[in-house]
Amino acid sequence: MPLNACILIKTTPLEAENVLQKSKKIQGVRKAFLGYGRYDIIAFGEAPGYPEIRKISELINEISGVRSTETLVEG
């Protein structure tokens, strides 16, 4: 059974839309949308295991404009 994760993303000012579009293209990201509050983007990912969830989070962190992420894994 695959693992699900919620990845909370903080971006630099004015970069949220760009980060959102790039995040949506990452394999394993099921959906992503803008948030308002402590986090600028909320992404939901699905992968076979923890190493793949970690890879999704790492790929998001590599996007220009990402300040930080917090990954919450279900299961």
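The values are calculated or read from the model by the stated rules, or taken from the named source; none is laboratory data. What you see is a predicted model, and the numbers here were worked out from it, not measured in a lab. Counting neighbours? That spans all protein chains shown, and the Cβs are built from the backbone with ideal geometry, glycine included. Each accessible area value is taken on the protein alone, full model and side chains, heavy atoms only, with ligands, DNA and RNA left out. Shrake-Rupley method; radii C 1.70, N 1.55, O 1.52, S 1.80 Å.
Here is how the numbers come out for the structure above:
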{"read-out": "Listed residues R67, R54, R38 arranged by accessible area, highest first, probe 1.4 Å", "value": "R38, R67, R54"}
{"read-out": "Point-to-point label distance, M1-N18, nm (Cα→Cβ direction, 7 Å offset)", "value": "4.0"}
{"read-out": "Highest-MSF residue in the chain out of E17, E52, E62 [GNM, Cα springs under 10 Å]", "value": "E62"}
{"read-out": "Rule-of-thumb Rg ratio for segment 1-42 [Cα; 2.2 N^0.38 Å; N residues]", "value": "1.18"}
{"read-out": "Listed residue (I63, L34, P48) projecting farthest to the positive dipole end of segment 23-69, Cβ model", "value": "L34"}
{"read-out": "Normalised contact order of the chain, rounded percent, pairs of Cα under 8 Å and 6 or more residues apart", "value": "47"}
{"read-out": "By accessible area with a 1.4 Å probe, ligands and nucleic acids excluded, highest first: order of L72, L59", "value": "L72, L59"}
{"read-out": "Check: the chain dipole with +1 on Lys, Arg Cβ and -1 on Asp, Glu Cβ, in debye", "value": "100"}
